[in-house]
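The values are calculated or read from the model by the stated rules, or taken from the named source; none is laboratory data. Bear in mind the structure is a predicted one, so any value in this text is a computation, not a measurement. A quick note on method: Cβ atoms are made from the backbone with ideal geometry, for glycine too, and the neighbour counts reach across all protein chains shown.
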């Protein structure tokens with residue numbers, strides 16, 4: 001669907017036969033997407049969806065963790081361990097504290 005949308009936008013910037021070709025490809029892409037969306041082969045669509053979710057799991061996890069950090073930004077401050085790069089969460093407003101990494105045991109001092 002995204003590719004069809006990009007082709008449609010690109011067809012606006014060209015003229016003559018190239019615009020017609022891009023527009024035709026965009027419409028064909030949209031028709032194909034709708035054909036697949038309304039397919040009765042539910043098992044196959046479920047399998048495709050699970051493959052898609054598996055491929056995008058790390059990206060979705062990254063953005064989910066960004067959202068969690070954003071929601072907790074008033075109560076906690078986040079630091080990365082200098083040794084193992086693990087993300088550590090400490091309470092805000094405690095002044096200078098010694099932070100000990102739970103993963104590698106490294107300790108460092110930071111101001112919260």
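Mind checking whether some residue in the range 60-71 is touching a helix residue (DSSP H, G or I) at 6+ places or on another chain (Cβ under 6 Å), surrounded by 11 or more Cβ atoms within 10 Å (Cβ to Cβ) and in a helix (DSSP H, G or I)? No: the range 60-71 contains no residue that is touching a helix residue (DSSP H, G or I) at 6+ places or on another chain (Cβ under 6 Å), surrounded by 11 or more Cβ atoms within 10 Å (Cβ to Cβ) and in a helix (DSSP H, G or I).
Selection within the range 25-59: residues that are in a loop (DSSP other than H, G, I, E, B) and modelled with pLDDT under 95. The member of this set that is nearest to residue 10 (Cα to Cα) is 38. Identify, by number, the condition in (1) surrounded by 10 or more Cβ atoms within 10 Å (Cβ to Cβ); (2) in a helix (DSSP H, G or I) that residue 82 doesn't meet. So the condition that residue 82 fails would be (2). Of all residues in the range 85-107, those being assigned to a strand (DSSP E or B) and under 16 Å from residue 65 (Cβ atoms) number 3. The residue pairs whose first member lies in the range 18-36 and is on the phi < 0 side of the Ramachandran plot and free of Cβ contacts under 8 Å to residues at least 12 places away in the same chain, whose second member is part of a helix (DSSP H, G or I) and crowded, with 16+ Cβ neighbours inside 10 Å, and whose beta carbons are closer than 6 Å, counting only pairs six or more residues apart or on different chains, are 19/11.
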